[in-house]
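Presented below is the structure to which this report refers.
The values are calculated or read from the model by the stated rules, or taken from the named source; none is laboratory data. These numbers were taken from a predicted model, which means no experiment stands behind them. Glycine gets a Cβ as well: all are built from the backbone with ideal geometry, and neighbour counts include every protein chain shown. The area values use the complete protein model at the heavy-atom level, side chains included, leaving out ligands, DNA and RNA. Shrake-Rupley method; radii C 1.70, N 1.55, O 1.52, S 1.80 Å.
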Amino acid sequence: MTGFLRLLCLVLTVTFGGIAAISSVPVAQAQQSLGGPDFEAWESLADRVENALESGRVDTQILEALRGLIVDFRQEFVDAQDTNATTIKTVRDQLSALGPVPEDGSEAEEVAAQREELNRRLTRLEAPVRTAELARSRADGLIQGIDRTIRDRQTAELLRLGPTPVNPLHWPAALGEIYGFVESIRAEVVLDWRNPVARSVFNDSLPAVVGWLLLGLVLLARGRYWPLRLMRQLSQDEPSAGRWISTFLISLGEWFLPYAGVYALLRSAEATGLTGTHADLVLSNLLPAAFIFLLARWLAQRVFPRHEPRGPVLKLDDRCRYSGRLYGALMGLVVAAFYFIQAVAEGANWSELATNVVVFPVIVLTGLLLWRLSHLLTLHVCACEADSDSETGFRERIARFLSRLLTALALLAPVLAAIGYVKAAQAMLLPTVLSLMLLASLLILQRLLTELYVMITGNRQGAQESLLPVLAGFVLILMSLPVFALIWGARPAQLQEFWTRFTEGVSLGGTQISPAIFLTLALVFTLGYLATRLLQGALRNTILPKTRLDTGGRNAIVSGTGYVGIFLAALIAITSAGIDLSSLAIVAGALSVGIGFGLQNIVSNFVSGIILLIERPISEGDWIEVGGQHGYVKSISVRSTRIETFDRTDVIVPNADFVSGTVTNYTRGNTVGRVIVPVRAAYGTDTHRVEKILQEIAEDHPMVLMNPPPNVVFRGFGASSLDFEIRAILRDVNWVMTVHSDMNHEIARRFVEEGIEIPLPQQDVWFRNATPASMAGGADVPSIPPVQKTSPSSAPVQKTEADFDADAAGGEGDGR
């Protein structure tokens, strides 16, 4: 019972007061004294704890208190391990400066004396450190032993078979204890009323009693309706983010105003002065119970809202959401009942039999509510699957699993309680209900953070795809993990132990890596990275444009500055964090072998990228050809280069291909380049005339340079044409295709004006008559199909068999 009360109080404290008390070491922790740890007191305490663990008869609360003392001593031992750290490092450096002892033992006497003196001094300095290390090791062992003992006791308590609450023979005794408790409250009130002094106090306090009573009744009766009325006035079909947040804050009044009413009623009862010990026990536990119930009801109203413009958290219709609000409120009622019954039973010293009988109906009601909530989750999953044509999402699978888990717990827990395992049933149901309340709180807070993001940025569409709300939700989940751990039975001491281990970090190659070191490393590196980016921006936009460097040179300087700045930022961050790289040399050497084989291509591309930035064979904006790909260089990164081809597609080329392969740069240094335009003329055309026309066309184009002048080359005699070429140097080779097209248009126009024919390929096909003369007049001689003759200036010519015989008689039957 005590464990349950402590658990629930801690959960409420952590949930609504922050997790700092659980995740941080107490400020009042014992500090190391000027003279170091008191080892005599430590030895005495350690012996007492060892005897207590061996006997097994010490109460759990006493073990927790002893554990706290051991934790304080352990912190002193941790601090003592840093004693003389600077001096010890200095002595070790001096020994390293002396070098190793010669193998033959022949060492100068002065050096040997210095080495011996330094070793004695080192031993004397390290003695307190080693003593603290031994004491800390013993403290760790004792803490683990206490945790193991408490855990075994908790497990045994859960698995213990107690009195069954469904046995009718147990009911009279249980009801008798409850009746006796109520009767004791009545007797205390009657006794105080008969006391003249108490009656006089009551008469004097009557105005305050009436005032508190009326205030409490008004707040309980009308408190929750005032925020509802105001929320209806603010709500719209599609309210803004600021209006939604205002409505959310106003909805908190549905929780706090009734809670203030309960508080006023309790103050009214206390002001009478007629309450005794048992009545005070009831009143002191009513306020936390009311807090739990009102909180659960408010969460149910937010998860199953009457009207939510942004859409409800669960896809349910109005009738199901009404049921959800009812079940949520009843769920808070059963949790409040658990808390109230356990607190009163412990304070009034009820027997286990009476407690089990009173708690059993609450367990059954809790199981029924969990079963109904599982049904609502199933309806939500079905609605999501009906709206989505694709396969079931991750959230839907989680909701379906949770629905099945709640159904199993709703059936199993009441059965266990009926058998007599009431503690086990409570350990199953109560953490489940508290976890559901915590999950509802996380969902509501996540939506609140999203609306805050929308209000700040003004971009509701981007809020669904933005990373910031997702990171905020992730942080909420991390912050809720200690609360979940407390709900499911973790002790605060265990969480403190985990936090201590976490802050101490791990040892890697003799170097301690802790969260503080990691945060220092990340912070310094981030500052160095930002400074590097600012310097790159200043170079790119302010300094380098005023120099005579070309674009490629400026980009190389900016990129090189970025690489050097990031390297220096990493080096300074590692040094600032206090990480000794020499301690990691062996580990890094072992890892570099495997990493070298796996990342050799990446390293090769990285080195090639550095070479490209230094030598600058290519620059951004150059027209290059590499691996059969033509295009413009758009960006050069440390691993690859991006080329945009002429058809507007990006080609990513590893930097190693530029260093080891052949690269053609058409615009390196200048944009001057040559264009070659092939031209064909028909046989029989005056070649000098054609050459003159082509020369005029080349010289008239504005992109053609006159120094050197363009020239026309008569290349030779083709199969069906006379072949010429225009060769000209252009001012900008990037316009080569445009110039080529312009010249072709001009050549076509001039050739038409001058009557020069541009020939097409010509091919004559002849078939020889292979029919014997004896069969020439036969009827069965197959006819020869017409023969086609292709001509550049006319359509195909049809030749019959008679034409073929005439050609053969003329001597052309050689099958040309």
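Assorted remarks:
- Extension gain for D140-R186 works out to 11.3 nm (0.36 nm per residue, less the C-alpha to C-alpha distance).
- Computed magnitude of the charge dipole of the stretch 85-140 (debye, nearest 20; Cβ of K, R +1, Cβ of D, E -1): 540
- A simple spin-label model places pseudo-atoms 7 Å from Cα toward Cβ; at D72 and K634 they are separated by 6.7 nm.
- Å² per residue, accessible surface of the stretch 42-170 at 1.4 Å: 61
- Cα-based Rg / Dmax (Å) for the stretch 610-742: 18.9, 60
- Once the Kirkwood radius over Cα pairs is known for the stretch 438-517, the Stokes-Einstein relation at 20 °C and 1.002 mPa s delivers a diffusion coefficient of 140 µm²/s.
- Overall, the accessible surface of the stretch 617-721 at a probe of 1.4 angstrom is composed of carbon and sulfur to the extent of 50 percent.
- Computed lengthening from Q464 to E50, 0.36 nm per intervening residue step minus Cα-Cα distance: 143.3 nm
- Full extension of the chain segment joining E157 with A112 gains 9.6 nm, where the gain is 0.36 nm per residue of separation less the Cα-Cα distance.
- With the convex hull drawn around the C-alpha atoms of the stretch 293-424, the volume per residue stands at 108 Å³.
- Its convex hull of Cα atoms gives the stretch 349-453 a direction-averaged projected area, equal to a quarter of the hull surface, of 8.9 nm².
- Burial ranking of peptide ranges 47-59, 325-337, 259-271 (average Cβ count within 10 Å, highest at the top): 325-337, 259-271, 47-59
- Considering only F717, Y666, L705, the residue lying farthest towards the positive end of the dipole of the stretch 639-724 is Y666, judged by Cα position with unit charges set on Cβ.
- Student exercise, the stretch 55-160 dipole from Lys, Arg, Asp, Glu Cβ charges, in Debye to nearest 20: 740
- Per principal axis, descending, Cα span of the stretch 59-137 in whole Å: 65, 23, 14
- For the stretch 383-536, Kirkwood radius (reciprocal of mean inverse C-alpha pair distance, Å): 20.3
- The residue among L430, S374, L445 whose Cα reaches farthest toward the positive pole of the charge dipole of the stretch 370-475, with charges on the beta-carbon of Lys, Arg, Asp and Glu, is L430.
- Estimated FRET transfer efficiency (F717, M737; beta-carbon r; R0 30 Å; 0.05): 0.55
- Placing a pseudo-label 7 Å from each Cα along the Cα-to-Cβ vector at W171 and T86 gives an inter-label distance of 7.8 nm.
- Accessible area per residue in Å² at 1.4 Å probe, computed on the stretch 639-740: 56
- Note on the stretch 441-567: with charges restricted to the Cβ of Lys and Arg (+1) and Asp and Glu (-1), its dipole about the Cα centre is near 440 debye.
- Distance (nanometres) between label positions extended 7 Å along Cα→Cβ at F401 and E40: 5.8
- At R0 = 60 Å, FRET efficiency that the Cβ-Cβ distance of A531 and L439 yields, to 0.05: 0.90
- Note on A386 and Q695: with the Förster distance fixed at 60 Å, the Cβ-Cβ geometry gives a FRET efficiency of about 0.15.
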